[in-house]
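Trainee: One structure coming up, written as structure tokens, with questions to follow.
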Amino acid sequence: MMKKLMTLTTMIVVASGGHAHAGTSATEVFERYVTAANAGDMAAVKTLISPDVERSDFVGCRPEMDNPSCLAHYVQTTIVDPKGRLTVLRRTTEGDTITAVLEVRSEASRRVGIERIVGRDIVRVENGLIKSFRFVPDFTDEATATFFGSLGIGPRSSQFTTQP
């Protein structure tokens with residue numbers, strides 16, 4: 001099944017000349033992103049990122065990275081490498097912006113004893129490409145707060161730091 005999904009994603013990208021089309025809706029672009037990310041298909045993810053995408057605030061981005069490389073690095077590091085699986089629980093569309101409540105399961109969360117985290121992807125699409133992308137963790141969710149706290153992020157980060 002996964003191989004068929006990756007093949008289908010690759011066929012869509014090849015058929016579109018390797019780029020999304022200007023007439024592609026925000027919903028279609030977001031669905032392609034989720035499909036590609038879940039398949040671990042970074043080539044397909046990269047074709048969805050606008051050359052002038054807004055800069056990600058991902059801590060792993062280095063100053064020498066351009067904005068598309070920074071966003072691709074974020075997806076690679078947080079979803080693809082830890083074999084993440086995005087499940088869209090709810091999605092709203094307002095103009096060119098998708099807000100999706102997601103559940104994310106990955107090896108990264110399992111390593112700290114967390115089965116899944118939840119949060120919102122806020123994705124703005126222009127001309128059939130991702131123009132801005134932000135993940136907002138739901139810190140009111142116990143598991144999510146614990147996971148991000150283990151990374152030194154959010155309201156629970158202090159419980160993971162050691163005092164001298």
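Here, each number is a calculation from the coordinates, and none is a lab measurement. Here the structure is a predicted model, which is why all the values come from computation and not from measurement. For neighbour counting, all protein chains shown are included, and Cβ atoms are generated from backbone atoms with ideal geometry for every residue, glycine included.
Trainee: Could you please report the charge total around Ala108, scoring K, R as +1 and D, E as -1 over all other residues with beta-carbon less than 10 angstrom from its beta-carbon? Could the numbers behind the result be given before it?
Mentor: Details: positive: Lys83, Arg105, Arg110, Arg111; negative: Asp81, Glu107.
In short, +2.
Trainee: Based on the Cβ-Cβ distance of Met65 and Glu94, what FRET efficiency does E = 1/(1 + (r/R0)^6) give at R0 = 25 Å, to the nearest 0.05?
Mentor: 0.25
Trainee: Ranked highest first by average number of other Cβ atoms within 10 Å, how do 70-76, 111-117 line up?
Mentor: The packing order, highest mean first, is 70-76, 111-117.
Trainee: Also, quick follow-up: Just need the Rg to Rh number for region 2-154, please, alpha carbons only, Kirkwood Rh. Intermediate results must be reported in sequence, preceding the final value.
Mentor: Details: Rg = 15.0 Å, Rh = 15.8 Å.
My calculation puts Rg/Rh at 0.95.
Trainee: So what's the net charge close to Gly95: Lys and Arg +1, Asp and Glu -1, counting the other residues with Cβ under 13 Å from its Cβ?
Mentor: Net charge around Gly95: -1.
Trainee: Among Ile49, Ile79, which comes first, second and so on when ranked by fewest other beta-carbon atoms within 10 Å?
Mentor: Details: Ile49 21, Ile79 24.
Final ranking by Cβ density, sparse to dense: Ile49, Ile79.
Trainee: Which of the peptides 23-29, 58-64 is most tightly packed, and how do the rest follow, judged by the mean count of other Cβ atoms within 10 Å per residue? Mind showing how you got there, number by number?
Mentor: Values: 23-29: 15.7, 58-64: 11.1.
Top of the packing list down: 23-29, 58-64.
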